[in-house]
1. Would you mind stating whether I86 is among the β-branched types (V, I, T) and modelled with pLDDT under 95?
2. Answer yes or no: is there a residue in the range 97-116 that is modelled with pLDDT under 95, part of a loop (DSSP other than H, G, I, E, B), under 21 Å from D22 (Cα atoms) and among the hydrophobic types (A, V, I, L, M, F, W, C).
3. Given the criterion among the charged types (D, E, K, R), crowded, with 19+ Cβ neighbours inside 10 Å and out of contact with any strand residue (DSSP E or B) (no Cβ under 7 Å at 6 or more places or on another chain), identify the matching residue among D99, D106.
4. If L68 satisfies every condition in (1) touching a strand residue (DSSP E or B) at 6+ places or on another chain (Cβ under 8 Å); (2) among the aliphatic types (A, V, I, L, M); (3) farther than 17 Å from G123 by Cβ but one, which is the exception?
5. Against the definition (surrounded by fewer than 19 Cβ atoms within 10 Å (Cβ to Cβ), part of a helix (DSSP H, G or I) and in contact (Cβ under 8 Å) with a residue 60 or more places away in the chain), how does A92 come out, yes or no?
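The values are calculated or read from the model by the stated rules, or taken from the named source; none is laboratory data. Since the model is a prediction, treat every value here as computed from it, not as a measurement. FYI the Cβ positions are ideal-geometry reconstructions off the backbone, even for glycines, and counts take in every protein chain you see.
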Amino acid sequence: MAQKLIYLDAGAFIARHRESDDYHAEAVYGWRQLEHQRIRCITSNLVLVEAVRYLSRSIGNGAAAERLKIWLSSDWLRVLRPDTEIDLEAIALFEKYADQRIGFTDCVSFVLMRRHRIDVVFGFDDHFKRAGFHLWPGKRKQ
């Protein structure tokens, strides 16, 4: 993978730590590739909120908090915190995609990805494809 930066969506975090997730195998593979190739990643605090909220329900608050500490202290992950300008752009997208039920966090992610010229997202949400981004790592043959 030649991409130097990749955006992480909540699905990548969730599927990695939830063995019953439909995308667990793909997530484990993806995380190994990121580590092996030393790919730097970007996400937003909103994505982390979604991931931790979901993980706390499936693996408990303590385990989810430990994961969050690891993510926030890593040198390979940059966590962006949107400002009002980014929020306003995301609201415009949220309205634009209202008929497709795309969430606000995804709209913020779209804005951040465009601003940082990232076109690849580690995630499994087709909303990113509809917005013109590439999903990675994709479905692997079992």
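1. On the way: among the β-branched types (V, I, T): yes; modelled with pLDDT under 95: no.
No, not satisfied.
2. Yes: one or more hits.
3. Values: D99 fails: crowded, with 19+ Cβ neighbours inside 10 Å.
The conditions single out D106.
4. Going through the list (1) touching a strand residue (DSSP E or B) at 6+ places or on another chain (Cβ under 8 Å); (2) among the aliphatic types (A, V, I, L, M); (3) farther than 17 Å from G123 by Cβ, L68 breaks only (1).
5. It is false that A92 is surrounded by fewer than 19 Cβ atoms within 10 Å (Cβ to Cβ), part of a helix (DSSP H, G or I) and in contact (Cβ under 8 Å) with a residue 60 or more places away in the chain.
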